[in-house]
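The values are calculated or read from the model by the stated rules, or taken from the named source; none is laboratory data. Here the structure is a predicted model, which is why all the values come from computation and not from measurement. FYI the Cβ positions are ideal-geometry reconstructions off the backbone, even for glycines, and counts take in every protein chain you see. Surface areas here come from the heavy atoms of the whole protein model, side chains and all, with no ligands, DNA or RNA. Shrake-Rupley method; radii C 1.70, N 1.55, O 1.52, S 1.80 Å.
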Amino acid sequence: MAAVAARCGKARRNAASAGRSRPVHGRVGASQRLIHSRAYETIYRRTGAWGDPGRRRPPMTHESRDTGRTGTSRRRFLKAAAGSGALIATAGAGALGGVNAADHGIPTPQLSVSGNTIVDPSGNTVKLRGVNMADSKRLDVTAPARGMTATQVVEMLTDESRDFYPRVIRIPVQPVDIGEHTPGSIDGAPEPVAFDEEQLRDYIDTHLRPVVDTVAANNVYCILDYHRHWKPLEWAEGQTGPINQDLHEEGLLFWDVVAEEFGDEDHVLFEVYNEPTEPALYGGQPSDTWVCDLWSLFKEQVQPWVDTIREHSGNHVIVGSPGWSQHIQGVLCEEFDGGNLSYTYHIYAGHAVSQNQGWALGEESAKGGGTYGVYEQVPMFVTEFGWQSDLTIQDHGYGAATYLKGTTEEFGKPFMEFLESSPAINWTAWCADPVWLPAMFDLGDWAGDGYVDSVGNPYEDEIPTECEELPCEWDLKPDQADMGQFIMSTLADKRDDMIPSGEIPDTTTTTPGGETPDWPAGATDPDGDGLYEDLSGDGDLNFPDVNHLFQNSDSSAAQANTQFYDFDGDGDLDSQDVLALFELV
């Protein structure tokens, strides 16, 4: 329930393994972008190019959105790398070495709808299960206090060595953070239009694009969620309208830019409107005329956003409902147009309908209703649910203590039985974070006793540095009454259940005829100039190739193949060749 004031907001996959053969708007591949962003982050942090670690890092501006190449920032990076001897290997073999290895996760082809279920291209039923994370920019900006950047959170959440197996990660994209407003937990919703196109594109380039690429690299789906919520914003003026025209324009801008950017990437789903506030469908039956009239007004507000997405993408779209997406019955009046749609349901442990476990029924209250069995007709996506046992009014506020408080036995287990009662019900638990409530994680011992990353307004207040060297560990909440361990165990148990079929494509290329290097195996010469820029054998020149050469340039195997890697033309293989290769990326 995003309206709760205490809640502060609500790959290793190679670039070609996103289940598509077409290029993504001519941009560089996911792996190259991912390593690019990690290299920047590592060198800037190690060399002090960001200055005070409590400062927000500068945006990685792009000279060309089509090529992904950078100007002065990249030159500064190269200079810093050469001066410190760090180069990109400082990111660590564990962080970089697995990017081109499709060794975990699931196939992520484009999904569609058949009847009331989501299906893969072969027509097999797919049930997506996963978790929410916090806003990407909020994570990046508060990382010194919170302990991880957004990409590091994705890496942690998809780390199968920890028995973490989400098959989808929901990524809230908050107008509050795009436009750098005071968080909604403090000031409520910012007035629309809360950001301009330049701010949105900078947010995407600096924060969202690296996260989406990291998700792709780890072979799972992601949901890009237009995370509008909080009072006093209303989507329309009363039960009969008119719609909020400023909000309408904001949604059109958001989806025109976001869907164009990510619309060709099969692992990306779109959630068109997180939690429309009021007017709401409180207490209404699908047979009530006023319910269908209000749904029609809501469709007037949101259908053009769906249409905008469809101008750029055929990917799956998730549609919310008036009343914080807790009242889903309007879809029984009329479905949205555009096809390949599912419908959102949000519910928490403290809502009235949860007290009597009436989620499947048509039970209604002002604060959370049943589903009226809509999933028997259309796919349903429960993109938010959760609970936390230790919430108090004194420490967390009335809203959190009232609506989010609960236990695994009283809410978690029976609600999971409901979620697993139908293949038409997909879900993402809220929230895989130590700060946003209800929280699945605690900050590690590094944070000290009693430290809580509250930060306040991250765009005006100083960010304290508690984590000296990112990332710092988060721990699943240890109490079995809380959701962290239960959700992750459920995801592990269901990791192979109703996942898409198919193989992750192998795009390794071989070099035809002639003299070739015998190290490393599979290296190729993409441009046919006799120098083997593609050390990883994935067919492209990218940062993993630079890292591989840096790590091994002084090895006997590499030295025996000097003529193939003499990128500066001086007859030797040394650090200057690594820098020369870096300049070619």
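The local environment of Asp475, defined by Cβ-Cβ distances under 9 Å, has a net charge of -2 under the rule Lys, Arg +1 and Asp, Glu -1.
Taking only the C-alpha atoms of the range 141-221, Rg followed by Dmax gives 14.5, 44 Å.
With 0.36 nm allotted per residue and the present C-alpha distance subtracted, the Ser296-Asp529 stretch has 77.7 nm of extension available.
For Ser501 and Asp390, a Förster radius of 45 Å and the Cβ-Cβ distance give a FRET efficiency of 0.60, rounded to the nearest 0.05. For Glu420, the accessible surface of its heavy atoms amounts to roughly 50 Å² (probe 1.4 Å, protein chains only, rounded to the nearest 10).
Net charge of the neighbourhood of Ser421, taken over other residues with C-beta under 12 Å away and scored Lys/Arg +1, Asp/Glu -1, is -2. Toward the positive end of the charge dipole of the range 315-391, with +1 on the Cβ of Lys and Arg and -1 on the Cβ of Asp and Glu, the farthest Cα among Val331, Thr383, Asn356 is that of Asn356. The share of alpha-carbon pairs in the range 211-293 lying farther apart than 18 Å comes to 56%.
For the range 510-584, the relative contact order works out to 24 percent when only alpha carbon pairs closer than 8 Å and six or more residues apart are counted.
To the nearest 10, the accessible area of Trp519 is 30 Å² with a 1.4 Å probe. Rounded to 0.05, the FRET efficiency of the Glu198 and Glu237 pair, given R0 = 35 Å and the Cβ-Cβ distance, is 0.70. State log₁₀ I(q)/I(0) for the range 112-494 at q = 0.11, 0.14 Å⁻¹ as given by the Debye formula over alpha-carbon point scatterers of equal weight, solvent excluded. These q points yield log10 I(q)/I(0) values of -0.73, -1.28. For the range 177-220, carbon and sulfur atoms together expose 38% of the accessible surface, with a 1.4 angstrom probe and every protein chain in place. For the listed residue pairs Lys137/Lys231; Lys413/Lys477; Lys231/Lys405; Lys137/Lys405; Lys405/Lys477; Lys231/Lys299, the alpha carbons are over 24 angstrom apart in Lys137/Lys405.
Peptides 408-415, 212-219, 570-577, ordered by how many other C-beta atoms sit within 10 Å of their residues on average, highest first, read 212-219, 408-415, 570-577. Overall shape of the range 510-584 was characterised from the C-alpha gyration tensor. The equivalent ellipsoid obtained from it has semi-axes of 16, 13, 12 Å, in decreasing order.
Dipole magnitude for the range 510-584: about 240 debye, using +1 per Lys or Arg Cβ and -1 per Asp or Glu Cβ, origin at the Cα centre. In a simple Cβ point-charge model (Lys, Arg +1; Asp, Glu -1; nothing else charged), the range 233-377 has a dipole of about 660 debye relative to its Cα centre. Put a plus charge on the Cβ of each Lys and Arg, a minus charge on the Cβ of each Asp and Glu, and nothing anywhere else: the dipole of the range 112-494 about its Cα centre is then about 1280 debye.
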